[in-house]
Amino acid sequence: MIAVPTNSLTSESLTIPSRVVDPVLCRPFTINATYYPPADTAGPAPLVVFNHGSTGQGADRGRIPRRAVLRYESQARYFHDRGFAFVAPMRRGRGGSEGEYLESYEWNALKLAEGLQHALDDVGATVNFMRQRSDIDARRILVAGHSRGGLLSVVYAGLHPAGLVGSINFAGGWIAENGMMEDFNREVFVRAGAGAEAPSLWLYAENDRHHSTAMIRRWHDAYTGAGGSAELYLFGPVDDDEGHQLLERPGLWQSAMDAFLHQLGFFW
C-alpha cells in the first residue's frame, strides 16, 4: 500500500480479492482500487464507492485505454471535503485489476446481463472489503458511479440494500439506445427499484449522446413505479463529450448533491 499526495488529498492503492477464483492461480482475482482516506481520523467515516463506466469498450483502441486507472480525484475531493472516505475500484480486466474483460457490448440481452452480473460481483467484493476497515462506518455507505457505473450503483443498491444509505447515478445506462435493446436498461432499473430501500440521486444532461431525455424519463418512471425512490435532475446541454461527462461539471450538480446528502442526514 503506497500513499500518494494529490493536492491536499492522500490516496492509497488497495488490492481487493474478488469473489471469483482464478483457475490457474487457484486464488481469487484481485481488484485494484484507489482509496482516499477520510480527513478526520477521530472515528469511522462514511464511504462513497465510485464505479467507473465502460472505459472505451475494454480495448486499448478505445477512448480510454483498458489499462488506464481512473482515480476520480475531483469527485473524491468533493466528498472528502464533506467528511467522506472515497474508493474508486477498477473492475476485472481494467486498470491494475486482474482477470478478463467480460462486460459485453453485443446486442444480446443474455450477454449484457452476464456482463452486468460480473460487474455487480466486483462492486460487492469492494463494498464487503471496505466494510471491514476500522476507518469506515459500515452502516453509512453510498454507492455511486458514472455511465455504466451509474446504472451499476443503482442496481447494486436495489439488490443489496443492507448497510447502504443511498445511490448516485451520473449519466447511467448499461447500453446506448438501439431499437432492439432499448428495453434492457429499463428492465434492469425496474428490478433495482423493486428491491431499493434507500433514496437515489440521478444526474443527467439533456444532450447526453447515449441516452435521450425521453428515455431517461422512462427509466426513472420505471424505477420509481417499481418502488424505488429517486430524484432526477436533467441539466441543460453540456458541451463536453456531447453531454455524457456531466460528472466533470461540479458547478452544475454540487447543489443537488449537497441537498441529497443533507436529506440522508449528512451535515458538515
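Just a few scattered comments:
- Between the alpha-carbon centres of the range 225-268 and the range 134-205 there is a gap of 13 Å.
- Classified by the C-alpha gyration tensor, the chain has a rounded form. Its axis ratio a/c, with a ≥ b ≥ c, is below 1.5.
- In this Cβ point-charge picture (+1 for Lys and Arg, -1 for Asp and Glu), the range 3-263 has a dipole of about 500 debye about its Cα centre.
- GNM remark for the chain: springs join alpha carbons under 10 Å apart, and the peak mean-square fluctuation among 87, 238, 143 falls on 238.
- Cα gyration tensor category, rounded, prolate or oblate, for the range 72-165 with a/c compared to 1.5: prolate
- Tensor-based shape of the range 191-268 (alpha-carbon gyration tensor, a/c under 1.5 rounded, otherwise prolate or oblate): oblate
- Of the residues 237, 112, 87, the one whose Cα sits farthest towards the positive end of the charge dipole of the chain is 87 (charges of +1 on Lys and Arg Cβ, -1 on Asp and Glu Cβ, taken about the Cα centre).
- GNM flexibility winner over the chain from 89, 28, 37 (Cα, springs under 10 Å): 28
- Under 5 Å, built H, 5+ apart or other chain: amide partners of residue 11: 4, 6
A short reminder: the numbers here are calculations on the coordinates, not readings from a lab. Predicted, not measured: the structure shown is a model, and the values here were computed from it. Ideal geometry is used to build each Cβ from the backbone, glycine not excepted, and the neighbour counts take in all protein chains shown.
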